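Any read-out appearing in this document is the output of simple, stated calculations on the displayed coordinates, not a laboratory observation. All of these numbers come straight from a predicted model, not from anything done at the bench. Every residue, glycine as well, gets a Cβ built from its backbone with ideal geometry; the counts of neighbours run over all protein chains shown.
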Amino acid sequence: MTHRLSLSTLPHLAENVQRPAVDPRDLGTGLVHLGVGAFHRAHQAVYTEDAMAAGGETRWGIHAVTQRSPRVAEQLAPQDGLYGVLTKGLDDAGSPTAQLRIVGAVREISFPGEQTAAVLSRLAHPATHVVTLTVTEKGYRRSGTGLDLDDDGVRADVAALADELGGRAVDRAAGSPIGMLARGLARRARQDATPITVVTCDNIVHNGAMLTGLVQEFLAAAGADDVADWVHDHVTFPSTMVDRIVPATTDADRAEAEALAGLTDAGLVVAEPFRQWVIEDAFAGPRPAWERAGATLTSDVAPFEDAKLRILNGSHSYLAYRGAVLGHRTIAEAVTDPVLGEEVRAFIDEDVIPTLTPPPGVDLADYRDSVLGRFENPALGHTTIQVAMDGSQKLPVRLLGTARDRLAQAAVPHRAARAVAAWMVFVARAAEGRNGLELDDPLAPTLAEAAADGGRLGERLLGIREIFPAELAEDDRFRSAVLTQVTELSD
C-alpha cells in the first residue's frame, strides 16, 4: 500500500523528485490567497516558494482559501498542505518528459463555508501583508463593468458587513470572494492594522483597477464609508499578467506522479514548463521577492497584459470553439489541424498584432510562435471543452477588444469576427448537446434560449448586452462579418 504525501512521509519521497525549496515547518504565514485552484498551486505558490528560497525569507507561507467547494481543502489538509506539480514537456527529439516537484508554500487552508471566521482573522492579522486572488472571471460577480449587487452571495456579504459595522455580532459564511475580501479589509481597518497589497491574478483587462472598483462599490453598498477611506489610503491593487497552461489533472497523471514519487498525492496539479508573471510595482508594504523567482516587476503591465490576453488567450479560445465543433478533443489536436492552425495564425497576424503595442523586449511575431508552439504540446492533454467553458465571461476580454480596436483603425476585423462566430456555433451545438458538447457558462440559460432560434443565431447572440455592447453589436461592419461567418461555419 502506497502512503499518502505529508510532512511525516516526505522523507520517503523518491530521490528523483524535487523536495520543497524551503522547509515547510519553518514558514510563517504572511500571504492569503483566495481561490486555491490548480492554477494558483502551479503558478503563484511556486513563485512564492522559490522567492522565499532565493531571498532566505520564511514569512511568506500561504493561507489558502477555497471557493464554493471544500474539495481542495479535503485534498491538501491531510497532506499538511503539500502537493506535487507534474511538469510535462517535450525534449529536443519531441518525446514527452515529466518532472515532479513537491511544493510546501501552502501552510494553512480554509473552506469559507465552514471557516470564514478564520479567513477574516488571517486577513486582518498584522503579519499578513499580501492577498492574491485567482477566482476566475465569473468569480468577481460582475454585471457589466460593476459589481452585481443582485447576486445572492454579494447581497448576503453586504448585509453581513453592515451588521458587523453596526455592532451586531455576526458569524456568517462569506458568499463571494469580493465579500470575503472586503469584510477582511474592514476588520483590518477597525483593528488599525498595517497597510496591505491585494494582487488579482485573473485574466481581466486592467485587473487591479477593476478590483479596486468592485471593493469600493461593495463598501459603499454596505455603508462602510470610513472603511472605504482607509482602503483608499492603506491598500494597493497592482495589476498583473499571469501565464502558465494548467490542464485538468487526470487519473493517469496521478498514477504517473505516484510512480515517480512513491507516494499518493490527492492534490497533484499538472503544468507546462513555461511560466510568466508580470506585476505592477505598486505595493503598500512588504512582499515576497518574486522577481528573484523570475517574475517581472514593471510600472506598466498593460502592454504585457494586452499581448497575452489577445494573442494567447484569444487564440486559445478560438481553437477551443472551432476545435470542439470539429471534433478535436485537445488544444494540441486543434492547433495541429492544418486548416485550423492556419486560421488561428491568420487571426493573430491580421487582426491581433495590429492592435498591440509590443511590451519592452518582446517581438510579437516571436511571441506568437512561442504561444502556438506551447499549444502543440500533446503531453498536457488540455481539452477544448475545458478552455471553452465560461465563454460569455472570456469573450469580451479575449476577442471583442481586438475587434473594437480594428474597427477604430478603419479595418473590418474579419478574422476576429470568425472567432466570435466560432463561439456562436459552439454555443448552438453545445445547447443541443450535439457530439457530446456541453454548455458550461454562467449565462447558459440565456445562451440556450438565443440559440434555440437557429435561423437567427448570430443576431440573437449579438443582442445579449452582457456580452456585446451596443456600439459593437450594432456596427454594421462587425455585425455583417459575424453573421456571414456564422452562416459559413454552420454549414
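Values computed for the structure shown
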quantity: Kirkwood Rh, angstrom, the range 287-334 [1 / mean 1/r, Cα pairs]; calculated: 13.0
quantity: Kirkwood-type radius of the range 380-491, with distances r between different C-alpha atoms, in Å; calculated: 14.1
quantity: Neighbourhood net charge (11 Å Cβ-Cβ; Lys/Arg +1, Asp/Glu -1) for ALA117; calculated: +2
quantity: DSSP beta bridge pairing in the range 10-298, given as percent antiparallel to the nearest 5; calculated: 35
quantity: Surface/4 estimate of mean projected area, convex hull on alpha-carbon atoms of the range 400-446, nm²; calculated: 3.9
quantity: Gyration tensor (Cα) of the range 1-126, equivalent ellipsoid semi-axes in angstrom; calculated: 26, 17, 15
quantity: Cα pair distances exceeding 17 angstrom across the range 135-200, given as percent; calculated: 44
quantity: Distance between the range 26-46 and the range 210-284 - C-alpha centres, whole angstrom; calculated: 7
quantity: Scaled radius of gyration (Cα, divided by 2.2 N^0.38 Å) that the chain gives; calculated: 0.98
quantity: The range 1-52: Rg to Rh, with Rh as the Kirkwood radius over Cα pairs; calculated: 0.99
quantity: The range 160-312 - Debye-derived log10 I(q)/I(0), Cα point model, q = 0.10, 0.16 Å⁻¹; calculated: -0.51, -0.98
quantity: Convex hull volume of the range 302-490 per residue (C-alpha atoms, cubic angstrom); calculated: 105
quantity: Two-decimal Rg to Rh for the range 267-393 - Kirkwood Rh, Cα set; calculated: 1.01
quantity: Ratio of Rg to Rh over the range 344-390 (Cα coordinates, Kirkwood Rh, two decimals); calculated: 1.04
quantity: Longest exposed-site-free window of the chain, the sites being GluC sites (Glu not before Pro) in a DSSP loop that have at most 12 other C-beta atoms within 10 Å; calculated: 16-473
quantity: Net lengthening on full extension, ASP150/THR446 (0.36 nm per residue, minus Cα-Cα); calculated: 104.8 nm
quantity: Rounded to the nearest 20 debye, dipole of the chain from Cβ charges on Lys, Arg, Asp, Glu; calculated: 580
quantity: Globularity ratio of the range 372-436, using Cα Rg and 2.2 N^0.38 Å; calculated: 1.32
quantity: Given charges at beta-carbon only (K, R positive; D, E negative), |dipole| of the range 120-222 in Debye; calculated: 280
quantity: Cα convex hull of the range 10-298, projected area averaged across orientations, nm²; calculated: 15.1
quantity: Antiparallel %, DSSP beta bridges [both residues in the chain], to 5; calculated: 35
quantity: Rounded D (µm²/s) - the range 222-303, Kirkwood Rh over Cα pairs, Stokes-Einstein at 37 °C, 0.692 mPa s; calculated: 200
quantity: Total charge dipole magnitude, the range 302-490, about the Cα centre, Cβ charges on Lys, Arg, Asp, Glu only, Debye to nearest 20; calculated: 100
quantity: Coordinate range along principal axes, alpha carbons of the range 435-477, Å, largest first; calculated: 34, 23, 15
quantity: The range 10-298: relative contact order as a whole-number percent, Cα under 8 Å and 6+ apart; calculated: 24
